[in-house]
Amino acid sequence: MSQKAANAVPIFDIDNFGAGVEVTEVAEDTYQCTSFANCTAFETVEGLVLVDTGLAALSEHVASELRAHTDAPVHTVVYTHGHADHAYGLDEFLLDGQAPPTVIAHEAMADRFDRYARTKEYNQVINGRQLSADPGAAEYHDLWSDDIFDWPEHPPTTWYSDDLTLTVGDTTFELHHARGETDDATWLYCPDRDVLCSGDLVTASAPNAGNPQKVQRYPWDWADALREMAALGAGTLLPGHGQPIADDPEAVERRLLGCADYLDTIVDRTLEALNDGAPPHVDIVREVDLPEPEEPWLQSEYDCGEFIARSVIRYYGGWWTGRPSELKPARRAALAAEVADLAGDAETLASRAEALMDEGEERLACHLADYALEAAPEDEAVQTAVASVYDERAEAAEDMMSANIFASAVLYANEGRLFR
Ligand SMILES: [Zn+2]
């Protein structure tokens, strides 16, 4: 697969992930390096304490910008979680001949790396779909090497479980574990400098708490962690993605509590719908009245509220959709063939999908489009119609994950391939 997906959203096009690299001194001897994913360097008398290391493909650039401000060796590194854009870029920050740094992480990170190694081929495909629509695209592979599903070159050397207080030189750092986007998240507070590093518990868009293709996320624990952070009254907040908030405790509190409220609202409303007779999961999602925040940093740019509700349902409600036929379903191709026969043929189904799209019934249209392609994947008229339905769906999508998965569906339909 190598065509360009017309309506895919390039990752750098959304505010959450900056394309540029910028290093700013946000507190005394404390440097925030903003790029695709951020990292923070605290200079101490013993050397640098680095929080995260950015995306490996950009870390050479980020490290060289940081080195314009400080030539201290790296003493200690904290990985806020085990994602590719946080735990894989350390090498470029190390000085020639320096002693190996201590690398600290939450103990659940080891299982994460093992899990990636066990599901490497799966992750390569789903990441490709999510981040660039086309798992075969050169732009995708330039940014995300296959190494991101192996243990990092510089793995953690020190593991902790709940909390850890660390002193480097005369500077103290308080590390706290939380479950949020991941189960291995660490947030860190440096009281001496009144700086809070949130990792991806804070980003520049709606929290990535519902990602449809990834493992369980924990929006309720996430909200708790945000409230714990807010209770510190910190002046400076350095998020995992997006711009820092420096020396503005009111803005920091607003950001943390606003995001906690957003998550709690979705969790509460989803559980209420789940408890109302245990309806099929997909019906619950449509019943939840999702919050529509105005703050730019809570917009469904990357993930979205509907997916967060799904995350809650998955955790509390298991894998079954709740629809009786889907407990032990037929093969989709057989079902699609029956539906196509009832309609007349697959082309009729595909045309109806296009008509529904024109009527603004985009969700309904895509169901019929799937059946049409599954019933007749070799039929060129069906391929074209299905591709056009998903092309429009991708163009209309608000969040990047939806846009790129729908854009991926265009590529698959054009090749007469199902999502497999
Ligand atoms: Zn990240």
request  = Go through (1) away from the ligand (no atom under 16 Å from the Cβ); (2) surrounded by fewer than 22 Cβ atoms within 10 Å (Cβ to Cβ); (3) not aromatic (Phe, Trp, Tyr) one by one and return the number of the condition residue 229 breaks.
outcome  = (2)
ask   = Restricting to the range 300-323, what's the tally of residues that are modelled with pLDDT of 95 or more and acidic (Asp, Glu)?
value = 2
ask   = Which condition number does residue 33 fail, the rest of (1) in contact with a Phe, Trp or Tyr (Cβ under 7 Å, 6 or more places away or on another chain); (2) surrounded by 24 or more Cβ atoms within 10 Å (Cβ to Cβ); (3) without any contact (Cβ under 8 Å) to a residue 60 or more places away in the chain being met?
value = (1)
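Any residue in the range 143-156 that is touching a strand residue (DSSP E or B) at 6+ places or on another chain (Cβ under 8 Å) and either at pLDDT below 90 or surrounded by fewer than 18 Cβ atoms within 10 Å (Cβ to Cβ) (or both)? First the steps, then the outcome.
First pass over the range 143-156, keeping only residues touching a strand residue (DSSP E or B) at 6+ places or on another chain (Cβ under 8 Å): 154-156.
Within this subset, residues satisfying the condition of being either at pLDDT below 90 or surrounded by fewer than 18 Cβ atoms within 10 Å (Cβ to Cβ) (or both) are 155.
Looking through the range 143-156, at least one residue is touching a strand residue (DSSP E or B) at 6+ places or on another chain (Cβ under 8 Å) and either at pLDDT below 90 or surrounded by fewer than 18 Cβ atoms within 10 Å (Cβ to Cβ) (or both).
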query = Only one of (1) more than 16 Å from the ligand (Cβ to nearest atom); (2) closer than 14 Å to residue 81 by Cα; (3) surrounded by fewer than 22 Cβ atoms within 10 Å (Cβ to Cβ) fails for residue 183. Which number is that?
reply = (1)
note = When the range 176-223 is checked residue by residue, the ones that are touching a helix residue (DSSP H, G or I) at 6+ places or on another chain (Cβ under 8 Å) and assigned to a helix (DSSP H, G or I) are 219, 220, 222, 223
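Would you check if there is a residue in the range 13-28 being more than 19 Å from residue 243 (Cα to Cα), outside the structural domain of residue 406 (by TED's automatic domain parsing) and within 14 Å of the ligand (Cβ to nearest atom)? I'd like the intermediate steps shown before the answer.
Start the filter on the range 13-28 by keeping residues that are more than 19 Å from residue 243 (Cα to Cα), which leaves none.
Among the residues of the range 13-28, not one is more than 19 Å from residue 243 (Cα to Cα), outside the structural domain of residue 406 (by TED's automatic domain parsing) and within 14 Å of the ligand (Cβ to nearest atom), which makes the answer no.
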task = Please enumerate the residues belonging to the range 187-209 that are more than 13 Å from the ligand (Cβ to nearest atom) and either within 23 Å of residue 118 (Cβ to Cβ) or of a type in the set (Val, Ile, Thr) (or both).
result = 195
query = Tell me, which residue of the range 84-119 that is under 29 Å from residue 64 (Cβ atoms) and among the hydroxyl-bearing types (Ser, Thr, Tyr) is farthest from the ligand (Cβ to nearest atom)?
reply = 102
Tally of residues being surrounded by fewer than 18 Cβ atoms within 10 Å (Cβ to Cβ) and among the hydrophobic types (A, V, I, L, M, F, W, C) across the range 264-294 = 3
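The values are calculated or read from the model by the stated rules, or taken from the named source; none is laboratory data. Since the model is a prediction, treat every value here as computed from it, not as a measurement. Positions of Cβ are generated from backbone atoms using ideal geometry, with glycine treated the same way; all protein chains shown enter the neighbour counts.
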